[in-house]
Structures are given as structure tokens and as C-alpha cells.
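Here the structure comes first, spelled out in C-alpha cells, and everything after it is commentary.
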Amino acid sequence: DGGITQSPKYLFRKEGQNVTLSCEQNLNHDAMYWYRQDPGQGLRLIYYSQIVNDFQKGDIAEGYSVSREKKESFPLTVTSAQKNPTAFYLCASSISGSGAGELFFGEGSRLTVL
Amino acid sequence: AQKVTQAQTEISVVEKEDVTLDCVYETRDTTYYLFWYKQPPSGELVFLIRRNSFDEQNEISGRYSWNFQKSTSSFNFTITASQVVDSAVYFCALSEAYTGRRALTFGSGTRLQVQP
């Protein structure tokens, strides 16, 4: 079935470690997105990519990095520079980067820093 | 800058009651899109509806209905005869077609609890 796969579902990290969250889609969508969700808050945009080999910072990009080398893949690295990385991370994709299309979401990755 | 406000943090109703979730948005763009998503306890967001700024017709889908009013910059969501399965967090979102970034900006969400 077509969809978005995020892994791992749960991840624990020690302070000072970088971690990479995987996001793969087989929907043939051009655009992909990373959002962060904290308890009681909405989704905040970290990075987005409207096309392969191109990406833009969102509202809270500091301490994160991404790459978009393949259309189907948009991994997110949470670096040690991110001061408060414990959160729920959601990856999404849309047919195009026009802003008009609905987003399809993965099941999320919950990161906990020990 | 674009902004979405969902003033209701949490709503609790008893099954079969009607409930309206409010959404107010801000944008300087003349062409934009509004969305509603549902987030059940599993965490994955589920798309409910999309509206473009030129279509102010109200929409009804089963027990769900949406009221879009440009004059008040609102896009409210009503659930008629609520059911326990409607319990979830509901998000309103906005994207701009021209002047803004082409990614959704979400409100803070409204948690709906439907009691049996």
C-alpha cells in the first residue's frame, strides 16, 4: 500500500548525541515536510522540500538538518545543538509544493532525550 | 505572516451532542487554502477537508460540516450527534499560494473528548 513510513517509532538518545529519523514515501510526491509536535501545542514546521535536492527552513530549523537526495526519502537529523529535542516528530508529503494539496502524514517518531 | 488560532484548548461533550470547533486565521494572501485534520490517539494525522479562498460554500460530509466565512476569517467545524470515536485532537491549518511559504501552518489544536 502507498504511504509514508517513519522509523524508528520510538527513540531514546543521550544528551550530546546526534540522531537521524527516517522518512520514506512511495506516493511519488514531490514535496516532503518535517513537523515537530510538543504536548498541548500544534505542529511546528522544521524543514520542507518542494523538490529533490532542494529544501527550505521552517520556523524552528535551528539544531536540525535534512537532506533530499532522492524523491522518496527525506531524513531528519536532530543534532546536539538542538536544546530541547524531546518531542513527537511527524513527516508528511504532498503531491506538489504548491501549498494547495493535502498533506499525507506518517505515524510519527517519538524522541526522548535521557 | 500567516497565523491560525484555535482558542478552544479542550472540549468535553456527551455522546449525541453537537459540537463546534472554532478556527480563526490571518493571512495577507488573496489565494490560500484551509484544512482540517484529525489526530486520534495513535498519532497519525488524518485529512478531513480542504477549502480554497474562493470557495465559501459550506460543506457537509455525513455528521461533519464546515462553515467558511471570509468576512470573519473563520473556518469552523461542526460535528453533529457526536460519537465516542470522534474523540481526538483536531487541527485547523492554512497555506498560502503566492506570498507565503507553501507549507501548512497549524493551529494549536482542540482536544475533543466525547463521553459515552
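So for the range A:25-32 (the condition being closer than 18 Å to B:Ser95 by Cβ, without any contact (Cβ under 8 Å) to a residue 12 or more places away in the chain and either under 10 Å from the mean Cα position of the chain (by Cα) or surrounded by fewer than 15 Cβ atoms within 10 Å (Cβ to Cβ) (or both)), does at least one residue qualify? Within the range A:25-32, none of the residues are closer than 18 Å to B:Ser95 by Cβ, without any contact (Cβ under 8 Å) to a residue 12 or more places away in the chain and either under 10 Å from the mean Cα position of the chain (by Cα) or surrounded by fewer than 15 Cβ atoms within 10 Å (Cβ to Cβ) (or both). Scanning the range A:72-114 for residues that are under 18 Å from A:Tyr10 (Cα atoms), among the hydroxyl-bearing types (Ser, Thr, Tyr) and not in a loop (DSSP other than H, G, I, E, B) returns A:Thr77, A:Tyr89, A:Ser109, A:Thr112. Filter the range A:40-58 for residues that are aliphatic (A, V, I, L, M) and at the interface with chain B (Cβ under 7 Å from one of its Cβ atoms) and give the result. Within the range A:40-58, A:Leu43, A:Leu45 qualify.
Taking the criterion of being among the polar types (S, T, N, Q) and touching a Ser or Thr at 6+ places or on another chain (Cβ under 6 Å), the residues of the range B:1-47 that qualify are B:Gln2, B:Gln6, B:Gln8, B:Thr20, B:Thr31. Taken as a whole, the range A:66-85 holds no residue that is at positive phi and of a type outside the set (Ser, Thr, Tyr).
Restricting the range B:10-30 to residues that are over 14 Å from B:Asn76 (Cα atoms), polar (S, T, N, Q) and touching a strand residue (DSSP E or B) at 6+ places or on another chain (Cβ under 7 Å), which is nearest to the other protein chains (Cβ to nearest Cβ)? So the residue we want is B:Thr27. Just one of (1) in contact with a His (Cβ under 6 Å, 6 or more places away or on another chain); (2) on the phi > 0 side of the Ramachandran plot fails for A:Gly40. It is (1). Applying the condition of being facing chain B (nearest Cβ under 7 Å) and touching a strand residue (DSSP E or B) at 6+ places or on another chain (Cβ under 6 Å) to the range A:91-105 and asking which residue is modelled with the highest pLDDT yields A:Phe105.
Since B:Gly43 meets every condition but one in (1) in contact (Cβ under 8 Å) with a residue 12 or more places away in the chain; (2) surrounded by fewer than 19 Cβ atoms within 10 Å (Cβ to Cβ); (3) within 9 Å of chain A (Cβ to nearest Cβ), which condition does it not meet? Tallying (1) in contact (Cβ under 8 Å) with a residue 12 or more places away in the chain; (2) surrounded by fewer than 19 Cβ atoms within 10 Å (Cβ to Cβ); (3) within 9 Å of chain A (Cβ to nearest Cβ), B:Gly43 fails exactly one: (1). The set of residues in the range B:44-68 that are within 30 Å of A:Ser7 (Cβ to Cβ) and within 11 Å of the chain's Cα centre (by Cα) comprises B:Phe47, B:Leu48, B:Ile49, B:Arg50.
Among the conditions (1) in a loop (DSSP other than H, G, I, E, B); (2) exposed (fewer than 13 other Cβ atoms within 10 Å of the Cβ); (3) modelled with pLDDT under 95, the only one that B:Ile60 does not satisfy is (1).
The values are calculated or read from the model by the stated rules, or taken from the named source; none is laboratory data. Worth saying up front: this structure is predicted, and the values here are computed from it rather than measured. Note that we place each Cβ from the backbone using ideal geometry, even for glycine, and neighbour counts take in every protein chain shown.
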